[in-house]
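The values are calculated or read from the model by the stated rules, or taken from the named source; none is laboratory data. Note that this is a predicted model, so its numbers are computed, not measured. Glycine gets a Cβ as well: all are built from the backbone with ideal geometry, and neighbour counts include every protein chain shown. Remember, those area values only see protein heavy atoms, side chains included, never the ligands or the DNA or RNA. Shrake-Rupley method; radii C 1.70, N 1.55, O 1.52, S 1.80 Å.
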Amino acid sequence: MLALAVLASPLTFTSCDDDPLYDGYYYNELVTDAVNNYRYTFPNGSDYYTAYNWFYYNYPDAYTEEFYQFMDIIGSSRTAYWDYYNNGGYSWNNNYNQQQNSQDNSLVTEAQILCGEWEGNLRYEYTDDKTKQRVRDEFTANMKFFQYNSSSTSLSGNGVEVDTDAKGNQQTLDFSWYVDKDGDIYIKYTKKGTIFVLDLQSKDAGFHLGYEKEKGYDTFFGTAFSTNTEDVMYLDLARQQTSGAKAAPGVKTRASQGKAFGNATQNNFAKSSADAVNRLHER
């Protein structure tokens, strides 16, 4: 009886399941350590981006399931903010690979305003293959959009982007684009086939395209989520004059007649620039 009592005694200890820290998970020393250290470092919590980078910086050998458990316990979503567009039905429509004309005046106007030359800052976010860290590169970008066959009613076309870093290094990227029936803008880079979508309806992570009353000229800013990778682009561009001169405050550089598209009401580009590195990323 004494031997049986000794063998059974560990089962009388408090189960990890009774501790809200584990929320139904089996005890895991790495997860427990990560949660305690995270709560000490961020007593008020943090956004997903910060929690993701903090975890993989401090626990680079963690398994994905351990990361999920960590995120569940600190009350964060398992699904990254960039993953919604990977799994939300936002896929490239091959029907737009050729000229796609439309009788929808609103969509045609949006495509026409998109066309032309834009220049400004672009921030590119991706996951580093070696460190698993989310990295943000920032550089100057010049983007030119053209409608297929110069057709004024086409909702699709091609373009070229020239990126320049602070040292003067450049990369040139070709892309194709289209405006879908919902007004979302799709961009597909030719070299690696990375596809991005700018969501017309989103207020927090959407875009603004067209005349910006406060500045007096056309701007193009917002967030572009990749639909086939984990990459994210943040745009902060201004329309360029035909001569190539940079748009200046108070100069209306495009006959958009005061029109604009997209539900983004505020340019949040500067909010996440503190940790960005000025360099180019091959894509």
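What the table below lists for this structure:
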quantity	calculated
Residues (among the hydroxyl-bearing types (Ser, Thr, Tyr), farther than 18 Å from PHE196 by Cβ and over 22 Å from the mean Cα position of the chain (by Cα)) located in the range 64-115	SER102, SER106, THR109
Condition met for ARG136 (farther than 21 Å from ASP184 by Cβ and either touching a Phe, Trp or Tyr at 6+ places or on another chain (Cβ under 9 Å) or open to solvent by 10 Å² or more (accessible area, probe 1.4 Å) (or both))	yes
Matching entry among GLY168, GLY183, GLY193 (being at positive phi, in a loop (DSSP other than H, G, I, E, B) and more than 22 Å from the chain's Cα centre (by Cα))	GLY168
Only one of ASN149, ASN158, ASN121 that is open to solvent by 20 Å² or more (accessible area, probe 1.4 Å), in contact with a strand residue (DSSP E or B) (Cβ under 9 Å, 6 or more places away or on another chain) and under 22 Å from LYS271 (Cβ atoms)	ASN121
Subset of the range 71-109 (residues that are surrounded by 19 or more Cβ atoms within 10 Å (Cβ to Cβ), of a type in the set (Ser, Thr, Tyr) and not in a loop (DSSP other than H, G, I, E, B))	TYR85, TYR96
VAL135 vs. criteria assigned to a strand (DSSP E or B) and modelled with pLDDT under 95	yes
Pair list, Cβ under 6 Å, 6 or more apart: the range 126-154 residue within 17 Å of GLN240 (Cα to Cα), other residue open to solvent by 60 Å² or more (accessible area, probe 1.4 Å)	PHE146/ASN158
Long-range neighbours under 9 Å by Cβ, at least six apart or interchain, first residue among the acidic types (Asp, Glu) within the range 84-106, second at pLDDT 85 or above	ASP104/LEU155; ASP104/LYS181
